[in-house]
Amino acid sequence: MAQPPIQFDRASGALEGANPWERTAALVLTTGAKISSHFSHFGYIACANLLRKTLPKRNIAVRLNRDAVFEFPNGDGYWSKLLNLSYRYEDELELLFQDSADVDYTLLDCGANYGYWSVLVSSAPFGAHKAIAIEPSGQNYPKLVNNAAINGGRFEAMKCAIGAGRGTARLSGTKHEAFSIAGEQDRGEEVPVIALDNLLDDGKISPGGKYLIKLDVEGVEIEAIKGGTRLLQGDSAILCEEHGNDPSHSVSRYILEQTPLKLIVYDPRSDRFETVTELSILDRIKVSTHVGYNVLGTASAFWENRVHSLNASATRRAS
């Protein structure tokens with residue numbers, strides 16, 4: 001029988017249910033996260049995953065807020081940074097989701113991994129929004145379903161990849177946070193693929209709704225955008241990753257030059273959102289080659305105004 005998960009509360013820092021070695025490992029992971037945060041957590045995942053091999057196989061359940069619990073394998077290099085109470089995962093997205101708590105929207109969490117954003121956005125402090133978490137990996141999907149279950153089944157999980165249209169593809173990669181259908185197509189797990197617009201066709205979502213679309217699809221962003229033409233004509237905003245090691249800014253270039261969407265990027269140094277009119281802006285913002293930078297594309301005046309209103313909040317935070 002599997003051991004019950006360790007419990008960790010990000011509000012208080014309390015760690016419960018851990019044995020002495022697990023407590024020591026948690027301290028090491030926390031300290032490592034704090035130190036490595038000064039250089040974009042470079043090397044943290046590799047070191048944490050080595051430490052993980054010495055730990056009993058069990059989960060840790062992290063309480064993100066009073067209404068959100070996120071569970072993952074204890075020692076996981078990608079998610080253990082949450083043990084550092086000052087760490088904010090993609091904090092510009094958290095700002096947007098927090099500010100949109102009063103908006104009636106649905107989150108489309110594409111490439112959901114274990115469901116972090118679906119857990120958070122569907123929680124009461126974030127507005128208890130409807131969320132559809134889409135994850136193709138047979139390794140990740142059970143963990144996603146588990147996180148839906150321990151949070152009362154309040155968001156839907158779908159096992160498929162997002163692309164330009166319906167079909168199948170091969171999922172490749174060795175890191176759970178970086179599985180992709182963009183690799184070699186003669187090996188790897190075969191997964192179904194749907195387009196964003198197929199969610200409209202299949203009645204999963206309605207044409208007149210408001211949507212925030214988190215697109216974490218590891219190299220298939222452009223194909224996914226192509227597959228969401230109808231959806232993106234409405235009150236939708238797509239949140240996708242610009243890879244730090246891509247000096248050509250491929251995703252942003254496509255949005256800016258090949259779609260009618262406005263392109264907005266968050267500058268972590270100024271804590272402000274900027275409309276991108278020239279790609280040179282990204283040369284200034286993308287300073288680290290081993291991390292991703294979120295950009296937002298939208299044809300919706302509602303979402304454009306909502307995002308830019310966050311700059312006023314940034315001024316208040318600074319003061």
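The values are calculated or read from the model by the stated rules, or taken from the named source; none is laboratory data. Keep in mind that this is a model prediction, so the values were computed, not measured. Quick reminder, even Gly has a Cβ in these numbers, built from the backbone with ideal geometry, and neighbours come from all protein chains shown. The area values use the complete protein model at the heavy-atom level, side chains included, leaving out ligands, DNA and RNA. Shrake-Rupley method; radii C 1.70, N 1.55, O 1.52, S 1.80 Å.
If a residue has to be open to solvent by 20 Å² or more (accessible area, probe 1.4 Å), of a type outside the set (D, E) and within 19 Å of K214 (Cβ to Cβ) to count, how many in segment 146-172 make the cut? Give the steps one after another, and end with the answer.
Pass one, segment 146-172, residues open to solvent by 20 Å² or more (accessible area, probe 1.4 Å): 146, 149-150, 152-154, 156-159, 164-168, 170, 172.
Checking which are of a type outside the set (D, E) leaves us with 146, 149-150, 152-154, 157-159, 164-168, 170, 172.
Applying the additional criterion that residues be within 19 Å of K214 (Cβ to Cβ) yields 154, 157-159, 164.
Residues flagged as open to solvent by 20 Å² or more (accessible area, probe 1.4 Å), of a type outside the set (D, E) and within 19 Å of K214 (Cβ to Cβ) within segment 146-172 amount to 5.
Here is a list: A149, A131. Which entry is touching an Asp or Glu at 6+ places or on another chain (Cβ under 8 Å), without any contact (Cβ under 8 Å) to a residue 60 or more places away in the chain and not in a loop (DSSP other than H, G, I, E, B)?
Working: A149 fails: touching an Asp or Glu at 6+ places or on another chain (Cβ under 8 Å).
Among A149, A131, only A131 is touching an Asp or Glu at 6+ places or on another chain (Cβ under 8 Å), without any contact (Cβ under 8 Å) to a residue 60 or more places away in the chain and not in a loop (DSSP other than H, G, I, E, B).
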Item checked: Neighbours by Cβ (under 6 Å, 6+ apart or cross-chain): first from segment 30-41, more than 10 Å from N84 (Cα to Cα); second aliphatic (A, V, I, L, M) and surrounded by 14 or more Cβ atoms within 10 Å (Cβ to Cβ) -> S40/V291
Next item on the list: Examine segment 35-46 for a residue that is buried (at least 21 other Cβ atoms within 10 Å of the Cβ) and part of a loop (DSSP other than H, G, I, E, B), and state whether such a residue exists.
Entry: yes
Checklist line | Residues (within 18 Å of the chain's Cα centre (by Cα) and more than 20 Å from W79 (Cβ to Cβ)) located in segment 130-153 | finding: K130, I132
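In segment 101-145, which residues are of a type in the set (G, A, S) and open to solvent by less than 40 Å² (accessible area, probe 1.4 Å)? If you could, list the steps in order and put the result at the bottom.
Keep residues of segment 101-145 that are of a type in the set (G, A, S), which gives 101, 111-112, 115, 118, 122-124, 127-128, 131, 133, 137-138.
Listed by number, the residues that qualify are A101, G111, A112, G115, S118, S122, S123, G127, A131, A133, S137, G138.
To keep it simple, each residue is scored yes or no on (1) aromatic (F, W, Y); (2) closer than 30 Å to I194 by Cα; (3) loosely packed, with under 13 Cβ neighbours inside 10 Å.
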residue: S248; (1), (2), (3): no, yes, yes
residue: R253; (1), (2), (3): no, yes, no
residue: P260; (1), (2), (3): no, yes, yes
residue: T277; (1), (2), (3): no, no, yes
Check: Taking segment 56-95 as the search range and keeping residues that are surrounded by fewer than 19 Cβ atoms within 10 Å (Cβ to Cβ) and more than 22 Å from S123 (Cα to Cα), which one is farthest from the chain's Cα centre (by Cα)?
Finding: P56
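For segment 226-241, which positions are in contact with a Leu (Cβ under 7 Å, 6 or more places away or on another chain), crowded, with 21+ Cβ neighbours inside 10 Å and either free of Cβ contacts under 8 Å to residues at least 40 places away in the same chain or not in a loop (DSSP other than H, G, I, E, B) (or both)? It would help to see each step written out before you state the result.
Initially, segment 226-241 is screened for residues in contact with a Leu (Cβ under 7 Å, 6 or more places away or on another chain), giving 227-228, 230-232, 237-240.
Within this subset, residues satisfying the condition of being crowded, with 21+ Cβ neighbours inside 10 Å are 227-228, 231-232, 237-240.
Scanning segment 226-241 gives G228, L231, L232, A237, I238, L239, C240.
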Next item on the list: Would you point out the residue of segment 72-95, among those that are outside any loop (DSSP other than H, G, I, E, B) and in contact with a Ser or Thr (Cβ under 9 Å, 6 or more places away or on another chain), that is nearest to V307 (Cα to Cα)?
Entry: L95
Next item on the list: Among the numbered conditions (1) open to solvent by 40 Å² or more (accessible area, probe 1.4 Å); (2) in a helix (DSSP H, G or I); (3) touching a residue at least 40 places away in the same chain (Cβ under 8 Å), tell me where P192 comes up short.
Entry: (2)
Checklist line | Boolean, D102 is modelled with pLDDT of 95 or more and touching a helix residue (DSSP H, G or I) at 6+ places or on another chain (Cβ under 6 Å) | finding: no
Item checked: Single unsatisfied condition, Q98 versus (1) without any contact (Cβ under 8 Å) to a residue 60 or more places away in the chain; (2) in a helix (DSSP H, G or I); (3) open to solvent by 10 Å² or more (accessible area, probe 1.4 Å); (4) more than 22 Å from N294 (Cα to Cα) -> (4)
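Scan segment 211-220 and tell me whether some residue there is small (G, A, S) and at positive phi. Don't jump to the end; show me each part of the working.
Quick first cut of segment 211-220, residues small (G, A, S) only: 219.
Those left that are additionally at positive phi: 219.
The answer is yes; a qualifying residue exists.
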Next item on the list: Kindly check whether there is at least one residue in segment 202-212 that is open to solvent by 20 Å² or more (accessible area, probe 1.4 Å), in a loop (DSSP other than H, G, I, E, B) and closer than 30 Å to Y44 by Cβ.
Entry: no
